[in-house]
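Everything below concerns the one structure shown next.
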């Protein structure tokens, strides 16, 4: 509440103005508060080196049993992967480690992001992972299904926009498909 008093004193804001601003910023405040709470939750789950990073792909980085984890914190009760755009998935696929989603409401639940993605988003994530690593066999396996090809065709724009990041072997294979 020191912050509110500071706003009143420094800028002469009234209670009405502060109430209005707080109401407008409620979601943002909740998000940041849950990110702070998430650090404690992760430490209680035996994660170490937990640090807040606020990057486009994740909010927190942590380690457990020698493995690196990238954690996105979700404060609302909405679908936890609703805001995972194709572009965000392309960036997540570049990470060297496991991406997790920590859903804070109603009680903290930690998920491997890949497990909770819709099928189209999961297919796209796998596509990017294979393309970045140069895993031609993975790409071939993925492209064996007409359903998968159809899913990926809807993401043509984002697939093309990240093509400079693909391994050269992957790029040649992908060009033959699109």
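Just so you know, all these numbers are worked out from the coordinates, no wet-lab data involved. Note that the coordinates shown come from a computational prediction; the quantities given were computed from them, not determined experimentally. Methodologically, a virtual Cβ is constructed for each residue, glycine included, from the backbone with ideal geometry; neighbour enumeration extends over all protein chains shown.
Here the gap between residue 29 and residue 112, fully extended at 0.36 nm per residue and compared with their Cα-Cα distance, gives a gain of 27.3 nm.
A crude spin-label estimate for the pair residue 3 and residue 98, with each label 7 Å from Cα along the Cβ direction, gives 3.3 nm. Note on residue 169/residue 16: beta-carbon distance plugged into 1/(1 + (r/R0)^6) with R0 of 45 Å gives a FRET efficiency of 0.10. As a length-normalised measure over Cα pairs under 8 Å and 6 or more apart, the relative contact order of region 51-139 settles at 23 percent. Relative to the first principal axis of the alpha-carbon coordinates of the chain, what is the inclination of helix 26-44, with its axis defined by its Cα atoms, in degrees from 0 to 90 and to the nearest 10? That works out to roughly 70 degrees. Under a Gaussian network description of the chain, with springs only between Cα atoms under 10 Å, the residue in 163, 153, 65 that fluctuates furthest is 65.
Enter the angle in degrees (range 0 to 90, nearest 10) between the Cα long axis of helix 2-11 and the first principal axis of the Cα atoms of the chain, meaning the one along which they spread out most. Roughly 70 degrees, rounded to the nearest 10. At an R0 of 30 angstrom, the distance between the Cβ atoms of residue 153 and residue 65 translates into a FRET efficiency of 0.15. This structure gives volume of the Cα convex hull per residue in Å³, computed directly, and of [x] 158; [y] 117; [z] 127 that value is listed as [x]. Descending by average beta-carbon neighbour count within 10 Å, the peptides 4-14, 106-116, 124-134, 87-97 line up as 124-134, 87-97, 106-116, 4-14, the highest first.
On C-alpha positions alone, give me the angle between the axis of helix 168-177 and the longest principal axis of the chain, in degrees, nearest 10. Between the helix axis and the principal axis of the chain, the angle is about 80 degrees. Of interest is the spacing of the C-alpha centroids, which for region 111-128 and region 15-65 amounts to 24 Å. For the pair residue 176 and residue 79, a Förster radius of 35 Å applied to the C-beta separation gives a FRET efficiency near 0.50, rounded to the nearest 0.05.
Length available on full extension from residue 36 to residue 54: 0.36 nm per residue minus the Cα-Cα distance, which gives 5.3 nm.
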